[in-house]
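The values are calculated or read from the model by the stated rules, or taken from the named source; none is laboratory data. Because the structure is predicted, anything quoted here is derived from the model rather than measured. Here Cβ is always computed from backbone atoms with ideal geometry, including for glycine, and neighbour counts include all displayed protein chains. Just so you know, the surface numbers come from the protein's heavy atoms only, side chains and all, with ligands and any DNA or RNA stripped out. Shrake-Rupley method; radii C 1.70, N 1.55, O 1.52, S 1.80 Å.
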Amino acid sequence: QVRLVESGGGLVQPGGSLRLSCAASGIIFRDYAMGWYRQAPGKQRDLVAIITSVSSTNYADSVKGRFIISRDNAKNTVYLKMDSLKPEDTAVYYCRASRLVGDYWGQGTQVTVSS
């Protein structure tokens with residue numbers, strides 16, 4: 001059974017930082033591209049950042065220079081370090097594991113940026 005479990009969300013003031021984690025089980029983690037997506041109320045789910053199986057990364061323009069995605073294959077975990085958070089970063093953040101055959105999502109973690 002595949003499980004992706006996100007953690008690390010919460011309430012933070014503008015300009016603050018958070019680090020999200022996504023622990024994976026039931027897959028050969030190193031073979032998967034891992035991504036972070038977010039969905040704000042009433043909006044579609046959008047890509048935030050992705051890291052491939054060979055650790056190439058790509059970011060949405062809105063988070064470049066503020067967010068960093070990384071992975072630890074020994075711990076089957078992907079991280080999203082978020083700095084200089086803005087109110088518009090408020091959303092549910094989802095972890096995704098994908099490869100040619102196989103596509104899995106976590107349950108999401110809420111991030112709220114507010115004073």
### Pairs with Cβ under 7 Å, 6+ apart, first in the stretch 25-46 and free of Cβ contacts under 8 Å to residues at least 40 places away in the same chain and surrounded by 12 or more Cβ atoms within 10 Å (Cβ to Cβ), second assigned to a strand (DSSP E or B) and of a type in the set (Lys, Arg)
GLY26/ARG3; ASP46/ARG38
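Hey, does the stretch 87-95 have a residue that's within 19 Å of GLU6 (Cβ to Cβ), touching a Phe, Trp or Tyr at 6+ places or on another chain (Cβ under 8 Å) and without any contact (Cβ under 8 Å) to a residue 12 or more places away in the chain? So that I can check it myself, show each step before the final result.
Within the stretch 87-95, the subset within 19 Å of GLU6 (Cβ to Cβ) is 89-95.
Okay, now just the ones that are also touching a Phe, Trp or Tyr at 6+ places or on another chain (Cβ under 8 Å), so 93-95.
Narrowing further to those that are without any contact (Cβ under 8 Å) to a residue 12 or more places away in the chain: none.
There is no residue in the stretch 87-95 that is within 19 Å of GLU6 (Cβ to Cβ), touching a Phe, Trp or Tyr at 6+ places or on another chain (Cβ under 8 Å) and without any contact (Cβ under 8 Å) to a residue 12 or more places away in the chain.
Going residue by residue through the stretch 71-83, is there one that turns out to be of a type in the set (Asp, Glu) and closer than 14 Å to GLY10 by Cβ? Step through it out loud before you land on a result.
Within the stretch 71-83, the subset of a type in the set (Asp, Glu) is 72, 83.
Narrowing the set further to residues that are closer than 14 Å to GLY10 by Cβ leaves none.
No: the stretch 71-83 contains no residue that is of a type in the set (Asp, Glu) and closer than 14 Å to GLY10 by Cβ.
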### Query
Among all residue pairs at least 6 apart or on different chains, which show Cβ distances below 9 Å where the first residue, located in the stretch 57-75, is under 17 Å from LEU18 (Cα atoms) and the second is surrounded by fewer than 16 Cβ atoms within 10 Å (Cβ to Cβ) and of a type in the set (Val, Ile, Thr)?
ILE68/THR57; ILE69/THR57; SER70/THR57
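I need the full set of residues from the stretch 1-17 which are open to solvent by less than 30 Å² (accessible area, probe 1.4 Å) and at negative phi, in order please.
Taking the stretch 1-17 as the starting set, the residues that turn out to be open to solvent by less than 30 Å² (accessible area, probe 1.4 Å) are 4, 6, 10, 12, 16.
LEU4, GLU6, VAL12, GLY16, listed by residue number.
Out of the residues in the stretch 62-115 that are among the polar types (S, T, N, Q) and open to solvent by 70 Å² or more (accessible area, probe 1.4 Å), which is farthest from the chain's Cα centre (by Cα)?
Residues of the stretch 62-115 that are among the polar types (S, T, N, Q), as a first pass: 62, 70, 73, 76-77, 84, 90, 98, 107, 109-110, 112, 114-115.
Within this subset, residues satisfying the condition of being open to solvent by 70 Å² or more (accessible area, probe 1.4 Å) are 107, 110, 115.
Numbers: GLN107: 11, GLN110: 11, SER115: 23 Å.
Per the stated criteria, the residue is SER115.
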